[in-house]
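Encoded as structure tokens, the structure appears first; notes follow it.
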Amino acid sequence: MEGISKGIDDRTAEMAVVGLGYIGLPTAIMFANSGFNVIGYEVRKEVVDRINSGRAHIVEPEIDKLLKKAVESGRLKATSNPEDIRGKEAYIICVQTPLNEDKTPNLSYLESAVKTVARAMKKGSLVVIESTVPPLTTAKMARLIEDITGLKAGEDFYMVHAPERVMPGRIFKELVYNSRIFGGITPESAELAEKLYRAFVKGQTFKTSSTVSEVVKLMENTFRDVNIALANEFAHLAHQYGINVFEAIDLANTHPRVNIHTPGIGVGGHCLPKDPHLLVWPAKDDFGLIRLAREINDGMPLLAKDLLFEALKTVNLPPERAVVAVLGLAYKGDSDDTRNSPAKAFVEAIEGDVEEVRTYDPFVEGTHGSVEDVLKGADAAVIATDHSEFRSLNWEGLGSRMRTRILIDGRHVIKEPPEGFIFKGIGRGDC
Ligand code: SAJ
């Protein structure tokens, strides 16, 4: 432990970050800009070339500036050649852990990353898994490394689960100021990882076992998913009582012990739609609340569809003759990330029932060029993502470009329904 510990103090410890996505690339940048030599390992060759030319392949505030600094300093290099990550003191694994069709975990990306690391690592290396994983996975991966290397986990190498907790859109701030949990397969492993991340983490740090940190991460996202599901149920109720759920939520949240989340067209991204399934997957019993919350949130695009069809009915326009413009494809505002996006689920839900579906997203390639362009001759506009651009649109002006003035708000972007429009919104039972 002394060797790597000293290498952390004097920044001579060599590191490799495996997986240069939304978490891996910012993490590699932080370690490089904290003085470590970092090799970023990524199977996507085009991503490697882009990063080595100092340009990021993801949208995130500050990333271009900080990446350029890391690459120009010579401390961050990206590669697809596993030979380039041989013999490092520390390996940080940040690969995706998606679900299979049947909602069971797909750990194939993680296993292949762990095998790549096992073939490259040396005695005394520290291996950190940042990916969100089902409970007991880190211990399983430690045994996989033992089988491949013949080294003993906790004695010949260190292993930790250090879940990332950052919110896209605020990643670089949260990497520094969020508290951080280090779940070690041994206490020494957790200590070593804490020491390493202290290179840039200013938030509080906690040490525990790898299984506890795995469960903590999944509990955090499941907590949020269940609370959003409750808010979405309140939105359904608001339609029955003819009230504006957002007015009610604002008032309820004035209570000292109430913090109701925001209803909307659904829950997307790489985390919340998946992590509750990872949490309950190894468990024996059926955890109804967690499962039901997933069903409620996955059902929200259909409420938006109902509202759209209700509006079309009020103007006697059969859906099969309607041209619908969907504003936003990303899973949340000011992001380019469309993974598990409820906006895409909404498009899929109406696609076969209307004449034409058009999409516009300022952050997503392959959509229409502008709001004006996508609304030309359209019968309905549906706001499916809360991009900042959509918060200040001049709907009176835009209405003149549309064939029928129907506006459906799936993300509570519109506070006051615009004049001359048939307006409906998720949770707007008052409209
Ligand atoms: N959403 C709502 N209502 C809300 C909050 C969010 O409908 O009140 C929707 C969003 O529109 C989006 C989805 O939920 O579609 C998820 O968005 P998010 O902003 O809640 O979270 P993510 O997925 O961007 O990031 C979450 C964060 N987890 C928590 O806040 C507990 C982040 O801290 C995690 O690091 C991240 O998951 C992750 O990678 O696990």
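The values are calculated or read from the model by the stated rules, or taken from the named source; none is laboratory data. Here the structure is a predicted model, which is why all the values come from computation and not from measurement. A quick note on method: Cβ atoms are made from the backbone with ideal geometry, for glycine too, and the neighbour counts reach across all protein chains shown. Keep in mind that these areas ignore ligands, DNA and RNA; they rest on the heavy atoms of the full protein, side chains included. Shrake-Rupley method; radii C 1.70, N 1.55, O 1.52, S 1.80 Å.
Mind telling me which of the residues Ile228, Ile260, Ile249 ends up being outside any helix (DSSP H, G or I) and open to solvent by less than 40 Å² (accessible area, probe 1.4 Å)?
Ile260
What about Phe363, is it touching a Leu at 6+ places or on another chain (Cβ under 6 Å) and open to solvent by 10 Å² or more (accessible area, probe 1.4 Å)?
For Phe363, the condition - touching a Leu at 6+ places or on another chain (Cβ under 6 Å) and open to solvent by 10 Å² or more (accessible area, probe 1.4 Å) - is not met.
Among (1) in a loop (DSSP other than H, G, I, E, B); (2) more than 18 Å from the chain's Cα centre (by Cα); (3) not aliphatic (A, V, I, L, M), which single condition is Arg165 missing?
(2)
Going through segment 293-325 one residue at a time, which ones are more than 22 Å from Gly420 (Cβ to Cβ) and within 16 Å of the ligand (Cβ to nearest atom)?
Ala293, Arg294, Glu295, Ile296, Asn297, Asp298, Gly299, Met300, Pro301, Leu302, Leu303
Regarding Leu272, is this residue part of a loop (DSSP other than H, G, I, E, B) and within 18 Å of Ile426 (Cβ to Cβ)?
Judged against the criteria, Leu272 is a match.
Sort out which residues of segment 327-342 are within 9 Å of the ligand (Cβ to nearest atom) and of a type outside the set (Lys, Arg), and write them in order of number.
Residues satisfying the conditions are Ala330, Tyr331, Gly333, Ser335, Asp337, Asn340, Ser341, Pro342.
Specify which of the listed residues (Val258, Val176, Val215, Val201) is of a type in the set (A, V, I, L, M, F, W, C) and either within 22 Å of Gly333 (Cα to Cα) or touching a Pro at 6+ places or on another chain (Cβ under 8 Å) (or both).
The match here is Val215.
Please identify the pairs in which a residue from segment 218-232 that is under 24 Å from Phe246 (Cβ atoms) has its Cβ atom under 8 Å from the Cβ atom of a residue that is near the ligand (Cβ under 8 Å from one of its atoms) and open to solvent by 80 Å² or more (accessible area, probe 1.4 Å), counting only partners at least 6 apart or on another chain.
Pairs that qualify, where the first residue is under 24 Å from Phe246 (Cβ atoms) and the partner is near the ligand (Cβ under 8 Å from one of its atoms) and open to solvent by 80 Å² or more (accessible area, probe 1.4 Å), are Ile228/Thr262; Ala231/Thr262.
Quick check on this structure: which one of Ala252, Ala248, Ala238, Ala229 is under 30 Å from Thr137 (Cα atoms) and within 16 Å of the ligand (Cβ to nearest atom)?
So the residue among Ala252, Ala248, Ala238, Ala229 that is under 30 Å from Thr137 (Cα atoms) and within 16 Å of the ligand (Cβ to nearest atom) is Ala229.
How do the strands (runs of 3 or more DSSP E) wholly within segment 1-115 filter down when requiring 1 or more residues that are under 30 Å from Pro276 (Cα atoms): which remain?
The strands (runs of 3 or more DSSP E) meeting that bar are 14-18, 37-41, 90-93.
Taking the condition in contact with a Phe, Trp or Tyr (Cβ under 6 Å, 6 or more places away or on another chain), of a type in the set (Gly, Ala, Ser), within 11 Å of the ligand (Cβ to nearest atom) and over 30 Å from Gly154 (Cα atoms), does Gly268 pass?
Against the criterion (in contact with a Phe, Trp or Tyr (Cβ under 6 Å, 6 or more places away or on another chain), of a type in the set (Gly, Ala, Ser), within 11 Å of the ligand (Cβ to nearest atom) and over 30 Å from Gly154 (Cα atoms)), Gly268 qualifies.
Checking the structure you have, find out if any residue of segment 276-288 is within 9 Å of the ligand (Cβ to nearest atom), over 23 Å from Phe421 (Cα atoms) and open to solvent by less than 50 Å² (accessible area, probe 1.4 Å). Steps first, answer last, please.
At the first step, the residues of segment 276-288 found to be within 9 Å of the ligand (Cβ to nearest atom) are none.
No, every residue in segment 276-288 fails to be within 9 Å of the ligand (Cβ to nearest atom), over 23 Å from Phe421 (Cα atoms) and open to solvent by less than 50 Å² (accessible area, probe 1.4 Å).
With respect to Phe346, determine if the residue is touching a strand residue (DSSP E or B) at 6+ places or on another chain (Cβ under 8 Å) and part of a helix (DSSP H, G or I). Lay out the reasoning, then the answer.
Details: touching a strand residue (DSSP E or B) at 6+ places or on another chain (Cβ under 8 Å): yes; part of a helix (DSSP H, G or I): yes.
Criteria met by Phe346.
Kindly provide the set of residues from segment 376-431 that are small (Gly, Ala, Ser) and open to solvent by 40 Å² or more (accessible area, probe 1.4 Å), ordered by number.
Within segment 376-431, Ser388, Ser392, Ser400, Gly420 meet the criteria.
Which one of these does Met15 not meet: (1) hydrophobic (A, V, I, L, M, F, W, C); (2) open to solvent by 10 Å² or more (accessible area, probe 1.4 Å); (3) out of contact with any Asp or Glu (no Cβ under 6 Å at 6 or more places or on another chain); (4) closer than 22 Å to Val127 by Cβ?
(2)
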